[in-house]
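J.: Mind looking over this structure? Questions follow.
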Amino acid sequence: MAWKLGIDVGGTFTDFLVTGSDGRSSIFKQLSTPEDPSLGVVAGLGRIAESLGMPLAGLVADIETIVHGTTVTTNATLTGNGARCGLITTAGLRDALEMRRGIREEQYNNRYTNVTPLVPRYRRLGVRGRIDRDGNEVEPLDDAAVAGACDTLERDGIEAVALCFMNAFANPGHERQAAAIIRHRLPDVYLSVSSDVLPAIRFYDRLSTTVLNAYVGPKLKRYLDRLTQRLEDLGFAGTLLIMQSNGGVMTPDVAREKAALTLLSGPAAGPAAGLAYVRPHGRPRCLTVDMGGTSFDAAVVDGAPLMVTEGAINRHRIALPMLGIHTIGAGGGSIGWLDAGGLIRMGPESAGADPGPACYGKGGTRPTTTDANLVLGYLDAAYFAGGRMTLDMAAARTAIDTHIARPLGMTVEEAAAGMYRIACTGMAQGVREITIRRGLDPREFPLLVAGGAGPVHSSLIAGELDIPLQIVPRESSILCAAGMLMGDLRHDFVRTFVCRLDTVDWPGLEALIAEMHNEGAALLAAENIAAARCRFDLSFDCRYENQYHEVSFPVARERVGKNDGTAIADAFHEAHMRLFGYHLRDEQSPVEIINIRLTATGTTDKPALEKHPARGPAASHAIKGERPVYIPARDDFEAVAVYDGHALECGNRITGPAMIEQETTAIFVGENFDCVIDLLGSFVLIARGRDDLLSSGAWEAQS
């Protein structure tokens, strides 16, 4: 049988979804190995082979495709343990990395300090040579100065060099000239060139993105080299693809060169997967929330995942296309602590996989969200990870008592309840950040809940936000791994083309678009994508003349071919109106093009989600027993029924409060929710009395 694998390497667990050519799929979770994540991947493959009753080499030989998401670059940036970098830039501009955009990020915080640059000042070297904004050479590049900078950085033991010259987006000649010198003198050093990484206007954005690429590049390259070698040693001859921050996938060779494209690689697959689970309910949009061991990720999906063209990773600016995912340090491993005022705080520090929460029994002594969940009855100490791992209740209680309960004069149960509520409140605020702050009403979206820890907390989050509908996929604990297999090959291109729409050089614009189109087509062809499976989407970044920020919006290619500036301007006015509530069409304010963007997509075969026949509403056959569980609305414990999630069938209905257990996750059905199983096996939690939200199409009998 042929197999496809989705693999998501997180800070605490590595998740796997394996699908066979017969359409059946299985999910697995393996503790991550932070010192070398590839070891955790291989260990997980061993568990899959054992489960399938076949040798590891036999499984690996039959794997057609592996799609892999990783937090290697994300964690390197968050923890500050990326490569030792140098920067070579235009003389006089080496401090731009530290000066940033000159905008105070926290206007009312008098104690605010700037983020520490990824490259210290003494390793930021300027060389003479200048290109003007139109791409004309004003001063020749000083080759000797570039060579001298290489010698200086080599003596300092650098692992990577970022190369970024002023106005290289208009003419990359000087950067290519300098890159040739650097590659000759420093052949073993990772080189990041701005005109390759981000050939677009705005010097600081381009500089910061290029430095980030250099900072995380060596670590990702080493990891991919180890992973591909281990897979090769096991006999893997299939296709390995890496998840990008934009929700698409790429080959390892592209990932090695443009490592910054993976800065949101781990959570990027979740939003796209979310759509597959809400479509049976007639919903074209949803909010996806994914709570793992280390972080909580929230995103908006409206027909397609929301994309942004700029953002920040640990306050470091990045200007590459990525999904609009809001991430906070709130996971099962988030550590509880008391601040100076004696208030309980949760995270962002995480116990991770090693030593992990106190209840893991691996040496952790500080209380975490998982420890609180165990004390509150949401987790079964004997059934964690399907019984392969026994949790230590005494260790969890001791950690909470020592660090939270006793200092506050509380019982352990009261302290655990406080930790739980604060964690949920922080996650609800994360959802507000992606909805209310963007003018969206969260009540209008179903909440698609993912992550091993997400379904334990989602009822309280949904209750706080007044969201009446939650959907927990049967594969929720590994949703991103499932989403890996739903991604397409994708390459994003951007070129700066500054002009007013009423004075466009149409032949020049068409030639620029054709250049990007041809580059994208060549990349997809090299990745064995047939021409019939290639799609090219064009968009413009435009603004009203004298504005500072642009608006990105799709543009039909034929509009350019017809020189139809009026239609393009109308599309911009409409996009501006949607985002800001006004436009300047009537004032006839000139519209200015800044950047041209083109996305080349190669569609891949997607696994079909398995559908199940409809049964009756009775769910008593799946009851495992009952246990005391904390009920937030009553601020007390109550004995509730515990259901075997694997035994529940399409159409079964459960009245909350209740617990549903699967091998890789637990679901708390809140006291104000009922749960119905849909045809995909998803657990649909509806606010009591809101059956009008249920779509009959999600329960139609399947053959």
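The values are calculated or read from the model by the stated rules, or taken from the named source; none is laboratory data. The model shown is predicted, which means the values in this text are computed figures rather than measured ones. When we count neighbours, we look across all protein chains shown, and the Cβ atoms used for this are built from the backbone with ideal geometry, even at glycine.
J.: Determine if the stretch 266-285 includes at least one residue that is at pLDDT below 85, of a type in the set (A, V, I, L, M), within 30 Å of A61 (Cα to Cα) and part of a loop (DSSP other than H, G, I, E, B).
T.: yes
J.: Restricting the stretch 445-478 to residues that are in a helix (DSSP H, G or I) and in contact with a strand residue (DSSP E or B) (Cβ under 6 Å, 6 or more places away or on another chain), which is modelled with the lowest pLDDT?
T.: I478
J.: Do we have any residue at all in the stretch 244-254 that's assigned to a strand (DSSP E or B), touching a residue at least 40 places away in the same chain (Cβ under 8 Å), surrounded by 20 or more Cβ atoms within 10 Å (Cβ to Cβ) and touching a Gly at 6+ places or on another chain (Cβ under 9 Å)?
T.: Yes, the stretch 244-254 contains a residue that is assigned to a strand (DSSP E or B), touching a residue at least 40 places away in the same chain (Cβ under 8 Å), surrounded by 20 or more Cβ atoms within 10 Å (Cβ to Cβ) and touching a Gly at 6+ places or on another chain (Cβ under 9 Å).
J.: In the stretch 66-117, which residue that is among the charged types (D, E, K, R) and under 28 Å from the mean Cα position of the chain (by Cα) is nearest to L39 (Cα to Cα)?
T.: R84
J.: Out of the residues in the stretch 441-471 that are out of contact with any Leu (no Cβ under 7 Å at 6 or more places or on another chain) and of a type in the set (A, V, I, L, M, F, W, C), which is farthest from Y643 (Cα to Cα)?
T.: Here the answer is L465.
J.: Separate question: What residue, among those in the stretch 337-383 that are among the aromatic types (F, W, Y) and within 26 Å of P657 (Cα to Cα), is modelled with the lowest pLDDT?
T.: Here the answer is Y383.
J.: Name every residue in the stretch 636-660 that is within 22 Å of F16 (Cα to Cα) and either among the hydrophobic types (A, V, I, L, M, F, W, C) or crowded, with 21+ Cβ neighbours inside 10 Å (or both), in order of residue number.
T.: Hits for the stretch 636-660 are G645, A647, I660.
J.: Scan the stretch 24-35 and report the pairs whose first residue is farther than 23 Å from E610 by Cβ and touching a residue at least 60 places away in the same chain (Cβ under 8 Å) and whose second residue is aliphatic (A, V, I, L, M) and surrounded by fewer than 18 Cβ atoms within 10 Å (Cβ to Cβ), with Cβ atoms within less than 7 Å and a gap of 6+ or a chain change.
T.: Once the first residue is farther than 23 Å from E610 by Cβ and touching a residue at least 60 places away in the same chain (Cβ under 8 Å) and sits in the stretch 24-35, its partners that are aliphatic (A, V, I, L, M) and surrounded by fewer than 18 Cβ atoms within 10 Å (Cβ to Cβ) give T33/L39.
J.: A further question follows. Can we say R128 is charged (D, E, K, R), surrounded by fewer than 16 Cβ atoms within 10 Å (Cβ to Cβ) and without any contact (Cβ under 8 Å) to a residue 12 or more places away in the chain?
T.: No: the conditions fail for R128.
J.: Being part of a loop (DSSP other than H, G, I, E, B), modelled with pLDDT of 90 or more and over 19 Å from I471 (Cβ atoms): is that true of A618 here?
T.: Answer is yes for this residue.
J.: Could you list all residues from the stretch 358-399 that are among the hydroxyl-bearing types (S, T, Y) and buried (at least 24 other Cβ atoms within 10 Å of the Cβ)?
T.: Hits for the stretch 358-399 are Y360, T368, T369, T370.
J.: State yes or no: is G508 assigned by TED's automatic domain parsing to the domain that holds N595 and either surrounded by 12 or more Cβ atoms within 10 Å (Cβ to Cβ) or touching a residue at least 24 places away in the same chain (Cβ under 8 Å) (or both)?
T.: No.
J.: So, V193, is that one more than 25 Å from D605 (Cα to Cα) and at pLDDT 95 or above or not?
T.: yes
J.: While we're looking at this one, here's another question. Could you check C499 against (1) without any contact (Cβ under 8 Å) to a residue 12 or more places away in the chain; (2) surrounded by 12 or more Cβ atoms within 10 Å (Cβ to Cβ) and say which number it fails?
T.: Among (1) without any contact (Cβ under 8 Å) to a residue 12 or more places away in the chain; (2) surrounded by 12 or more Cβ atoms within 10 Å (Cβ to Cβ), the lone unmet condition for C499 is (1).
J.: Can I ask one more? Test A351 against the criterion of being farther than 26 Å from D636 by Cα and surrounded by 17 or more Cβ atoms within 10 Å (Cβ to Cβ), and give yes or no.
T.: yes
J.: Assess whether E413 counts as being without any contact (Cβ under 8 Å) to a residue 12 or more places away in the chain, outside the structural domain of H576 (by TED's automatic domain parsing) and over 21 Å from S295 (Cβ atoms).
T.: Judged against the criteria, E413 is not a match.
J.: Report, by residue number, each residue of the stretch 339-366 that is under 22 Å from T14 (Cβ atoms) and among the polar types (S, T, N, Q).
T.: Listed by number, the list holds a single entry, S350.
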